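To start, the structure under review is shown below, and the notes come after it.
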Amino acid sequence: MKAKSLLRLGALAVLWGSGFLFIKEALGGLSPFQIVFGRMLSGAVAMLALTVATKRKLPTDRRIWMHLAVMAIITNIAPYFLFAWAELRVTSGLAGVLNATTPLFTLLAALASGTERHAPSRLAGLLVGLLGVVILAAPWSTPQRSTLSGILAALVASACYALGYVYARRFLTSRGVPAVVLSTGQMLAGTVLLAVVAPVIGRSPVHLTATVLAAVLALGVAGTGASYVLNYQLIADEGPTAASMATYLIPVVAVILGAFVLAEPVTWNLALGAITILTGVALSEGRLPRLRSRHIEQTANS
């Protein structure tokens, strides 16, 4: 991988991995819903500016906008809210580690729909990933209900991202619309939906400090606009496989930032659970060298 690509990969991991720190900081003055609204609004502005700068036009087909609205609910509103709600109950580092289960949920959805083969290594990866989640939950220590509910919320949020990949592949990516336009339309659709319900469910008291405002802007502008540019440039230069390596770096960044900035404890089961989940992801994606070569041999012989 080129030096510039390595820098982009590192920057992308920092932008996405730091999002869990920013959520925790934003919770100091906003409710989970208010965080989602601010994140979507600032992200929509950033993406719209990017669309204008690249001289793209928004879709005119109503069916595309309908699918974009669904995507906004599945991959923006729901997971953003669930992660914020979860971080009222768990550490930002733990939330970041649980986010790494998204590829496992994506594989599970693909296996269920029949678009992926039931290869032994993939099934083993799912089981290893599940073991990692059990280690994180630490049922032997009788964890509090609030902690378990936070873990469950983060897992559902990760599953939402996985469902979004399946939905986008089925209804959006084959329409020939540029990815930047789809992303902008999705953020705009989500912002409009939230604006409609905000007067009803977004009326909690707001304590808007400089830290809270900076956290929300970072989530929306940096975590959406800047990371979008880095991600697609990385895909263009090195391919999607190399770009997906950010999956393995995000939980590391989240745990490190949580420990150093928020003084969150790094327990043995957090470290072991993270390693186990990432091993499961690598196993399910065929990234382990021996398993990959065996998989290639099986494919060649079939």
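Okay, here's what the table says:
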{"quantity": "Estimated Rh, the chain: Kirkwood, alpha-carbon pairs, angstrom", "calculated": "20.0 Å"}
{"quantity": "Test item: Cα-centred dipole of region 1-133, Lys/Arg +1 and Asp/Glu -1 on Cβ, debye", "calculated": "540 debye"}
{"quantity": "Virtual spin-label span in nm between residue 229 and residue 209, 7 Å along Cα→Cβ", "calculated": "3.1 nm"}
{"quantity": "Charged-residue dipole, Cβ positions (Lys, Arg, Asp, Glu), the chain about Cα centre, Debye nearest 20", "calculated": "620 debye"}
{"quantity": "Mean Cβ neighbour count within 10 Å, used as a protection proxy, ranking 196-209, 55-68 highest first", "calculated": "55-68, 196-209"}
{"quantity": "Cβ-Cβ FRET estimate between residue 195 and residue 4, R0 fixed at 25 Å, reported to 0.05", "calculated": "0.05"}
{"quantity": "Lys/Arg +1, Asp/Glu -1 at C-beta; region 149-294 dipole; positive extreme among 247, 219, 262", "calculated": "247"}
{"quantity": "Dipole of the chain [Lys/Arg +1, Asp/Glu -1 at C-beta], most positive-end residue of 140, 84, 159", "calculated": "159"}
{"quantity": "Three-way shape call for region 1-105 based on the alpha-carbon gyration tensor, with the a/c threshold at 1.5", "calculated": "oblate"}
{"quantity": "Relative contact order [Cα under 8 Å, 6+ residues apart], the chain, whole percent", "calculated": "42 percent"}
{"quantity": "Carbon plus sulfur fraction of accessible area for the chain, probe 1.4 Å, in percent", "calculated": "68 percent"}
{"quantity": "Value of [θ]222 nm, deg cm²/dmol, for the chain, DSSP H segments ≥ 4, -39500 (n - 2.57) each, nearest 500", "calculated": "-24000 deg cm²/dmol"}
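The values are calculated or read from the model by the stated rules, or taken from the named source; none is laboratory data. Since the structure is predicted, the reported quantities are computational estimates derived from the model, not experimental observations. Neighbour counts run over all protein chains shown; Cβ positions are idealised from the backbone, glycine included. Quick note on the areas: whole protein, heavy atoms, side chains included, nothing else; ligands and nucleic acids left out. Shrake-Rupley method; radii C 1.70, N 1.55, O 1.52, S 1.80 Å.
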